[in-house]
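The values are calculated or read from the model by the stated rules, or taken from the named source; none is laboratory data. All values reported here derive from a predicted model rather than from experimental measurement. Note that we place each Cβ from the backbone using ideal geometry, even for glycine, and neighbour counts take in every protein chain shown. All accessible areas refer to the heavy atoms of the entire protein, side chains included, with ligands and DNA or RNA removed. Shrake-Rupley method; radii C 1.70, N 1.55, O 1.52, S 1.80 Å.
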Amino acid sequence: MGPPNKGFKVTARSTAGIRAMAHAFCDAIRDLYGEGDNIDVAEALNNLYDHGAIALKVLPDHILGDDEAIAYPNEQRIEIKESVYLGAHDQVPKDRFTISHELGHLFLKHQASFSRATIRRDHKTYQDSEWQADTFAAELLMDSRRIDLKKDTVQTLTKRFGVSYQAAEVRLRKLNNENR
């Protein structure tokens, strides 16, 4: 049995479906900026805002309390702590993942479903909003099309994609499990 669900029940999505959405976003970013493996999510976020695709509020840290950022998919809006926003611009891995995760909520159009299953969080993993957003973020930051499971290591992913050791380790483990 997998870990308990962390989020709300949303429309079921497969890893492949989420991956395809992240790939489309990656490809659009690369078309705009000609980037290699390390996607500048802070720049992408600003570009989405500048073109009116999303609303963005960068708030003083104390306003969001324990939350690093919050997505409001119904409004296509993200609120981000100032320190996280600045950290993403400085390529801080955790902050880059946070922004990618919140973008995942928007792109996946998550809307909480207030059913009994949602409240008890006993829905399937592939129906979990947080699992889906994490899957989107991992794919956005570490595009599976650019990973060679025979050659890449946690260290190569960390360096090439600008992610944390933990994120690279989880990513390799999941991709290797898929390919068994």
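Within straight-line reach of LYS6, meaning a Cα separation under 17 Å, sit the following aspartates and glutamates at least 8 residues removed in sequence or on another chain: ASP66, ASP67, GLU68, GLU102, ASP122, ASP128, GLU130, ASP134. Partner lysines whose Cα lies under 27 Å from the Cα of LYS9, excluding those fewer than 8 positions away in the same chain, are identified as LYS57, LYS81, LYS94, LYS109, LYS124, LYS174. Could you tell me which residue out of ILE54, GLY65, LEU103 lies farthest along the dipole of the chain toward its positive end? Charges go on the beta carbon: Lys and Arg +1, Asp and Glu -1, centred on the Cα centre. In the chain, that residue is LEU103.
The fraction of accessible area contributed by carbon and sulfur in the chain is 52 percent, rounded to a whole number (1.4 Å probe; ligands and nucleic acids excluded). Convex hull of alpha carbon positions in the chain: directionally averaged projected area 10.6 nm². What distance in nm separates the two pseudo spin-label positions at ARG173 and GLU75, each 7 Å out from Cα along the beta-carbon direction? Reported label-point gap for ARG173 and GLU75 is 3.6 nm. Between ALA42, ALA69, ALA24, the Gaussian network model of the chain with springs among Cα atoms under 10 angstrom shows the greatest mean-square fluctuation at ALA24. FRET efficiency for the ASP122 to SER14 pair, using the beta carbon distance and R₀ = 25 Å, is estimated at 0.80.
Placing a label point 7 Å from the Cα of LYS6 along the Cα-to-Cβ line, the residues of region 64-100 whose backbone N sits under 16 Å from it are 66-71, 93-100.
Counting only heavy atoms of protein chains, what accessible area per residue, in Å², does the chain have with a probe of 1.4 Å?
Working: 9760 Å² over 180 residues.
With all protein chains present, the chain gives 54 Å² per residue.
Annotation for region 127-165: trypsin sites (Lys or Arg not before Pro) lying in DSSP loop with at most 15 further Cβ atoms inside 10 Å of their Cβ are LYS150, LYS151.
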